[in-house]
Amino acid sequence: MSSAEPLVLAIDQGTSATKAVLVDRRGDIVARGSAPLGLSTPSPGWVEQSPEEIWTGCGRAVAACLDGQDASRVAAIGLSTQRESLLLWDRATGEPLSPLVSWLDKRTAGDPALLRAVPHADLVREVSGLPLDPMFSAPKAAWLLDRYDPDRRRSRAGELCLGTVDSWLLFKLGGAHLIEIGNAARTQLLDVRRCTWDRRLTRIFDVPPEVLPQVVPSQGPFPGTRGLAPLPDGVPVTAVLGDSHAALFAHAGWAPGTVKATYGTGSSVMAVVPSATRVSSGLCLTVAWQTRGTPTWAVEGNVRSTGATVNWLAGVLGRDPAELAELAADSSEGVVVVPAFGGLGAPWWDENAVGLISGLTLGTHAGHLARAALESIAFQVEDVVAAVERETGPVTRLLADGGPTGNPVLMRLQADTSGRTVERALARDLSALGAAHLAGLTRGVWDRAALERLARPREGYAPTGDETARARRLAHWHTAVRRARLQAAPCDDGRTGEEEGRSGEEHGHLPAPPPRATAAPPETPEPSAAQGAS
């Protein structure tokens, strides 16, 4: 390696693109590269991507990032990846046998792959920390094996590999079948507290353990790179994180009273918790990361459609998504958009919810719809933040990142809707930065103290308006959500959809939005050296 100041390369493999950034010792991004990534929808509810396009896109993004740079200065590589998406490949040849089934995919809803787990829903949630939902990897794993290895013979013989995106990239980079622990925690096959594959869960979903990757901490060990020109072979990969986990790490979001919201196609709301305690049915318990010791756990809620809502409405109106903020009126005039295009995620976890627009009048125009679409993002994020607050104690700061946060109208709406200060990260590519931070910490580019001193510039939005108006707007939103979830069409057993929905709530499957917490937050110790910067 060159004697010049070392650099850290981070690859952020996302749903719509793969990005690469080069970070110097000051924590500044000195170069960027990207490659777009397509997706296909071969059937209603199906969302697929090409594993080979993902891999070649990584190469293009890295080459673009390092164009004109001294590649010998790269001391370490960090990976940030989309989560829950899954594929199957041949261990001997490395050839994909299936497409990548996206986290957005709903093909397992109503499929035997998911239905056979329903009688064990309570056990699945208790052990994995995740509710039964088509988004997670386990039903996708069962679906893929049912199609490509129905008798599980090749899986048990170790001839096949199931893996998430981080597993696939690590296999392509170094030939090892591995999965980082935070990504593994999103598969619904991991015991989230013991951090090992759970035999009960693998039996429920009929996934032989032999087909699964080895679970490793977020700092590895991982294989060195190969085939990423102009990087020389052997540059060490020293950090892997799921994209939402990486953004939380980049925010240094382990301080009490803070919650991180990453806005993208969907949104992830996440907060570190001091222990792997049982959480409410509206949230997930997950592993944020594991460094040199005990895992750091987090609670998380996933909103399925935020940026996707803006893109959808822009298409309907024949506008560019960036124009919607300018088009948005000062008020929605009672119009509410509930973007349950594929059901609702946290805190409802209602895959039967339907998208709707309510409050329409003859006076409704495009500006009202644009405003309602932006408000739907703020409302959904606030519902999850309120659920997190019930678990962690009062939340005073909402740390925001992701492309949609560049919209000041949205950030102002979020602060006013939440009644909390919103701090928008001014740095782009937070997920990539988080992977770089952990990779550099592992490699010695920074020690823990230096990492915590890195500049994290933010733009603050303090809430305006009174609590009464805020509560009234939220109540109006929740009325629309109830309409989206409780349909009045007759059911097979003669009940109305509304009665069926109430029955689901009584059994705890469709949680109501949690109240704002008023208790004092639990004391949280300062991050230890064993946790890196966690």
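Data overview
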| quantity | calculated |
| --- | --- |
| Linear extension gain, residue 41 paired with residue 472, 0.36 nm per residue minus alpha-carbon span | 151.3 nm |
| Rg ratio (alpha-carbon, reference 2.2 N^0.38 Å) - the range 21-133 | 1.43 |
| Span per principal axis, largest first, for the Cα atoms of the chain (Å) | 66, 54, 49 |
| Where the chain is the region considered: accessible area per residue in Å², 1.4 Å probe | 37 Å² |
| Pairwise Cα inverse-distance average, inverted: Kirkwood Rh of the range 1-70 (Å) | 13.3 Å |
| Hits among lysines - C-alpha to C-alpha of residue 106 under 22 Å, sequence gap 8 or more where chains match | 140 |
| Full-stretch length increase - residue 147, residue 67 - with 0.36 nm per residue and alpha-carbon distance subtracted | 24.6 nm |
| For the range 280-430, share of DSSP beta bridges that run antiparallel, in % to the nearest 5 | 65 percent |
| Cross-link partners of residue 260 among lysines (Cα-Cα below 23 Å; sequence separation of 8 or more within a chain) | 19 |
| Label zone at residue 92, where the point sits 7 Å out along the Cα-to-Cβ direction: the range 160-201 residues whose backbone N lies under 12 Å | 160 |
| Antiparallel bridge percentage (DSSP; both residues within the chain; nearest 5) | 65 percent |
| Accessible-area composition of the chain, carbon plus sulfur, in percent [1.4 Å probe] | 52 percent |
| Low-density loop cleavage sites - trypsin sites (Lys or Arg not before Pro) in the range 236-341, where at most 16 other Cβ are within 10 Å (DSSP) | 278, 292, 319 |
| Largest-first ellipsoid semi-axes for the range 269-348, taking √(5λ) over the Cα gyration tensor eigenvalues, angstrom | 36, 15, 11 |
| Positive-end residue of 41, 280, 15, charge dipole of the chain with Cβ unit charges | 280 |
| Simple Cβ-charge dipole of the chain, Lys/Arg +1 and Asp/Glu -1, about Cα centre, in debye nearest 20 | 720 debye |
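The values are calculated or read from the model by the stated rules, or taken from the named source; none is laboratory data. Note that the structure is predicted; figures quoted are calculated from it, not measured. Note: ideal-geometry Cβ built from the backbone for every residue, glycine included; neighbour counts use all protein chains shown. Accessible surface areas use protein heavy atoms only, side chains included; no ligands, DNA or RNA. Shrake-Rupley method; radii C 1.70, N 1.55, O 1.52, S 1.80 Å.
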